[in-house]
Amino acid sequence: MSRTYDVAVIGAGAIGTSSAYYNAKAGVKVILIDGGDIADSTSSRSDGNILVCDKQPGFDARFAKASQDMFPGLSDELSYDIEWTQKGSLYLIEGPEEYAIAEQFCKDMRESGIDMRMLNHEEVIADEPYLARDVYGGLETMTDGSVYPMGLAYGFALACERLGGTLSLHNRVLAIGKKENYFIIETEQGPIIAKNIVNACGVGAPKIGTMAGLDIPVQARQGQILVAEQTFQVARRKVHEFGYMLTKFQSGGYERPVSERVRRNEVAFVFEPTRSNNFLIGSSRSFVGETVDNEIDVMQALAERAIRFLPVLADIKVIRAYSGLRPFTPDHMPIVSATPVEGFYIAAGHEGDGIGLSPITGQSVADMIAGRETFMDLSPLSYERFGKN
Amino acid sequence: MERNTGVIYEGYPSMAEIIAANGWPSEERFAKGPIAVVECVQEIPCNPCEAACRFGAVEIGTPITNTPQIDSEKCIGCGVCVAACSGLAIFVIDKTYSESEALVSFPFEYVPLPEKGDEVEALSRGGEYLCQGMVVKVVNTRKNDHTPVVTLAVPKEKADDVRTMKRLVLPEGGPGFERIEPEGFLDDRVIVCRCEEITAGEIRSAVRVEHATTVTEVKRRCRAGMGLCQGRTCERLVNRILSAESGITPDQQKGTTSRPPVRPTTFGELAGVDEGGKR
């Protein structure tokens with residue numbers, strides 16, 4: 001392989017395939033390399049939520065919204081049905097204390113341009129008929145949606161290929177060297193030469209970073225999901241508990257009234273209907289290294305917490321469980337950035353938001369490499385913010 | 001010597017047993033149009049016929065071992081109870097079909113099914129040949145859980161006795177005796193994953209167009225194996241198609257990831273096992 005590429009994207013998950021696609025779309029010569037398949041790791045062990053409701057007001061929310069706004073046209077643009085649906089999302093609130101926090105959050109998000117509104121008890125009960133009758137209130141986000149996450153990655157990768165990009169799958173990267181203005185990427189299938197590299201390896205980003213002498217602070221934060229059988233419409237759109245925000249950001253002095261099992265597994269109720277007439281139940285969070293096994297204790301806590309909000313689930317069957325690794329950074333924000341190694345970019349560390357943030361991340365990386373201005377100042381996503389190297 | 005008759009001697013009920021247990025429509029009622037005839041003479045704890053009737057024309061009541069009674073005023077002869085009866089003991093008779101012929105509808109759970117217009121051998125309750133019958137209708141719907149109901153036109157005087165038809169002969173090596181996993185090339189239109197209704201063509205496309213190289217990679221692209229059975233039924237076939245496409249033999253293919261639960265289990269069962277569950 002003596003061909004020289006303008007951009008080599010390493011990692012073929014949602015972020016990597018998107019980065020490869022938007023670079024190919026910009027007209028540069030791209031190769032997408034992965035040690036496994038497209039969407040082989042976190043992107044095939046995730047849910048498909050495209051949310052702005054779970055972001056922090058300000059930059060985080062605006063970045064997510066810009067990405068969400070790219071989804072409606074994507075199936076057509078990629079000639080691939082990514083199963084985009086946009087029905088909004090609903091947070092469930094358990095009591096007055098949570099309601100007060102949510103009200104402030106709603107106000108702040110509206111100031112960031114996110115369309116949200118509070119629902120009182122009667123409104124939330126009317127919104128989804130199968131909800132537990134004691135749900136105190138709700139917070140609705142109008143623009144949230146979902147996709148088939150693997151389909152998104154296939155769509156990006158196949159569209160990239162049609163634009164002339166090269167897919168190099170099942171080809172592990174072994175080492176990275178630099179000679180003048182070129183990187184020499186040693187792979188199982190021989191060397192690949194590229195002017196720029198995008199490290200889009202998610203949880204594996206630190207390993208690739210080390211090959212280029214960079215210390216990338218990404219850590220695996222495991223999450224488990226239960227898959228339900230096909231059944232009637234339990235809820236028409238995404239429903240989750242507002243307490244999810246508190247577990248995601250590990251913030252605030254507020255303690256949810258939950259069982260010890262739910263607490264120790266950091267379980268927060270998330271319901272996601274799919275296009276296949278079934279649904280997914282999340283979520284859990286734990287730092288347990290890079291294992292993707294399922295734990296019965298976590299599965300039980302997920303089921304328990306789900307029944308608390310949707311009692312009708314008690315008689316519906318779980319057909320599968322799975323487990324994935326979120327690429328976590330210390331400040332919950334991704335790294336979409338150039339680095340001190342010229343031509344080496346990072347697009348990783350999106351924690352649980354990589355599917356939703358993939359279009360804007362890929363677009364931004366393509367802009368950075370081409371020397372174009374990004375759609376907004378992305379310094380909050382810079383590698384420099386961690387003070388490394 | 002007089003032969004003992006009745007269900008415990010012959011395996012099918014006698015007319016006297018039927019009349020005693022279920023009653024029999026009057027000829028005046030028969031003259032008005034189709035009506036269900038129940039021939040359920042044993043006191044079995046069973047009542048789907050009662051629940052199936054939208055007109056409240058079938059009564060069992062309590063105890064559940066009561067034998068069903070038909071209200072001839074309410075019954076319109078729709079035949080819903082025919083497929084609902086797990087004992088295959090309900091029929092619909094229509095003596096108003098024509099001057100000389102009546103219709104008899106009965107459940108018929110044998111392949112091959114007859115087709116409309118076929119002339120078949122009409123049999124009695126005891127399976128004896130009575131006369132020729134013409135197939136007027138074959139209903140085989142999902143709503144009836146695919147219990148086929150066949151309607152025959154027979155001479156009017158045979159209507160009280162015709163209760164089934166002679167089974168048709170399966171063609172040599174024809175459907176019914178095929179291997180579950182057929183040999184040879186699977187047509188693109190063959191459904192391989194029955195849970196998700198994924199065809200062989202869709203699986204080939206996942207390999208040829210979308211670069212799938214393993215059973216898991218096929219599954220992620222087209223959902224083959226993602227349904228209720230989790231690939232327990234179709235995985236071998238997917239593997240075979242994949243092997244034909246890629247040249248990697250089935251035994252060298254990478255298996256799929258096994259995940260809990262081993263069998264589908266309810267959220268309630270899962271949550272109730274330990275502390276916290278409210279059960």
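Read-outs: derived from the displayed coordinates by stated rules, not from any lab. Quick caveat, the model's predicted, so the values are computed rather than measured. Positions of Cβ are backbone-derived with ideal geometry, glycine not excepted, and every protein chain shown enters the neighbour counts.
Below are the figures for this structure:
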{"quantity": "For B:D118, residues with placed amide H under 5 Å, excluding near neighbours", "calculated": "B:V135"}
{"quantity": "Distance (nanometres) between label positions extended 7 Å along Cα→Cβ at A:K178 and B:A20", "calculated": "10.1 nm"}
{"quantity": "Average beta carbon contacts from partner chains per residue of B:212-218, 10 Å cutoff", "calculated": "3"}
{"quantity": "A:T231 paired with B:I248, simple spin-label distance in nm, labels 7 Å along Cα-to-beta-carbon", "calculated": "3.6 nm"}
{"quantity": "Exposure proxy ranking, count of Cβ atoms within 10 Å, fewest first, for A:F386, A:F71", "calculated": "A:F386, A:F71"}
{"quantity": "Table column - 3J(HN,Hα) (Hz), region B:137-142, Karplus curve with 6.51, -1.76, 1.60, x for Gly and Pro", "calculated": "7, 10, 10, 9, 10, 5"}
{"quantity": "Prolate/oblate/rounded call for region B:7-165, Cα gyration tensor, a/c under 1.5 rounded", "calculated": "rounded"}
{"quantity": "Distant-in-sequence amide H partners of A:V288 (H built 1.01 Å from N, under 5 Å)", "calculated": "A:Q222"}
{"quantity": "Order by protection proxy (mean Cβ within 10 Å, highest first), peptides B:239-250, A:17-28", "calculated": "A:17-28, B:239-250"}
{"quantity": "Of the DSSP H helices in chain B, those whose Cα atoms cover at least 15 Å axially and whose Kyte score averages -0.5 or more", "calculated": "B:235-246"}
{"quantity": "Peptide A:36-46 - average C-beta neighbours from other chains (10 Å radius)", "calculated": "3"}
{"quantity": "Violating pairs (Cα-Cα greater than 22 angstrom) within the set A:K65/A:K107; A:K238/A:K317; A:K107/A:K248; A:K207/A:K388; A:K238/B:K219; B:K116/B:K156", "calculated": "A:K238/B:K219"}
{"quantity": "Nearest 10 degrees, 0 to 90: helix A:96-111 Cα axis against chain A principal axis", "calculated": "40 degrees"}
{"quantity": "Region B:56-117 versus region A:157-235: alpha-carbon centroid distance in Å", "calculated": "65 Å"}
{"quantity": "Nearest-0.05 FRET efficiency for B:K137 and A:D315, computed from C-beta distance (R0 30 Å)", "calculated": "0.20"}
{"quantity": "Order of A:V288, B:V38 - criterion: other Cβ atoms within 10 Å of each residue's Cβ, fewest first", "calculated": "A:V288, B:V38"}
{"quantity": "Length-normalised contact order for chain A - Cα pairs under 8 Å, 6+ apart - percent", "calculated": "23 percent"}
{"quantity": "Residue of A:G289, A:G11, A:G209 that the Gaussian network model of chain A assigns the largest fluctuation, springs spanning Cα pairs under 10 Å", "calculated": "A:G289"}
{"quantity": "Phi-based couplings in Hz for region A:314-322 (Karplus 6.51, -1.76, 1.60; Gly and Pro marked x)", "calculated": "3, 9, 9, 8, 8, 9, 6, 10, 8"}
{"quantity": "Order by protection proxy (mean Cβ within 10 Å, highest first), peptides B:187-194, A:258-265, A:199-206", "calculated": "A:199-206, A:258-265, B:187-194"}
{"quantity": "Test item: B:255-266 mean partner chain Cβ contacts at 10 Å", "calculated": "5"}
{"quantity": "Estimated dipole of chain A in Debye, rounded to 20 [Cβ of Lys and Arg +1, of Asp and Glu -1, Cα centre]", "calculated": "740 debye"}
{"quantity": "HN-Hα J in Hz across region A:47-52 - Karplus 6.51, -1.76, 1.60, θ = phi - 60°, x for Gly and Pro", "calculated": "9, x, 6, 10, 10, 10"}
{"quantity": "Prolate/oblate/rounded label for region A:147-286 (Cα gyration tensor, a/c 1.5)", "calculated": "oblate"}
{"quantity": "Sorted peptide list for B:197-210, B:120-133, criterion being average Cβ within 10 angstrom, highest first", "calculated": "B:197-210, B:120-133"}
{"quantity": "Residues whose placed amide H lies under 5 Å from that of B:V192, excluding near-sequence neighbours", "calculated": "B:I198, B:T199, B:A200"}
